[in-house]
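Working notes for the structure below.
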Amino acid sequence: MRGPRVLVAGAALASLAMAAAALLEPGGVRLLRKLDQDIARQESANQALREENARLQRRVRALTSPIDPRVLEKEAREQLGFVRPDEVLVKFE
């Protein structure tokens with residue numbers, strides 16, 4: 001009965017010693033903070049990409065059949081510079 005308890009206590013003590021050594025290592029805490037910052041930065045970038053993907057998916061849906069005439073006109077005006085016959089195009093550069 002005493003053997004398993006001693007083994008568990010020894011394993012717990014060894015784990016604590018390894019954790020303390022890792023944190024007390026000269027770069028341990030700094031590295032941990034840097035990794036936390038890297039994770040936060042990457043999660044922010046991932047969220048921005050998810051939002052961009054959602055925007056692009058909405059645009060793809062709007063441009064696939066059946067195409068909404070208003071969407072088609074908007075894209076033709078923005079991408080190809082189309083104007084109606086009664087309109088005058090003025091470009092500022």
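The values are calculated or read from the model by the stated rules, or taken from the named source; none is laboratory data. A quick note: this is a predicted structure, and the numbers were derived from the prediction, not measured. Cβ atoms come from the backbone with ideal geometry, glycine included; neighbour counts cover every protein chain shown.
Per-structure values
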item: Residues within the stretch 23-67 that are surrounded by 11 or more Cβ atoms within 10 Å (Cβ to Cβ) and outside any helix (DSSP H, G or I), tallied; result: 2
item: Residues that are hydrophobic (A, V, I, L, M, F, W, C) and surrounded by 10 or more Cβ atoms within 10 Å (Cβ to Cβ), drawn from the stretch 68-93; result: VAL71, LEU72, ALA76, PHE82, VAL83
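Conditions tested, residue by residue: (1) under 33 Å from the mean Cα position of the chain (by Cα); (2) modelled with pLDDT under 85.
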position: MET1; (1), (2): no, yes
position: ALA19; (1), (2): yes, yes
position: LEU24; (1), (2): yes, yes
position: GLY28; (1), (2): yes, yes
position: ALA40; (1), (2): yes, no
position: ARG50; (1), (2): yes, no
position: ALA54; (1), (2): yes, no
position: PHE82; (1), (2): no, no
position: GLU87; (1), (2): no, no
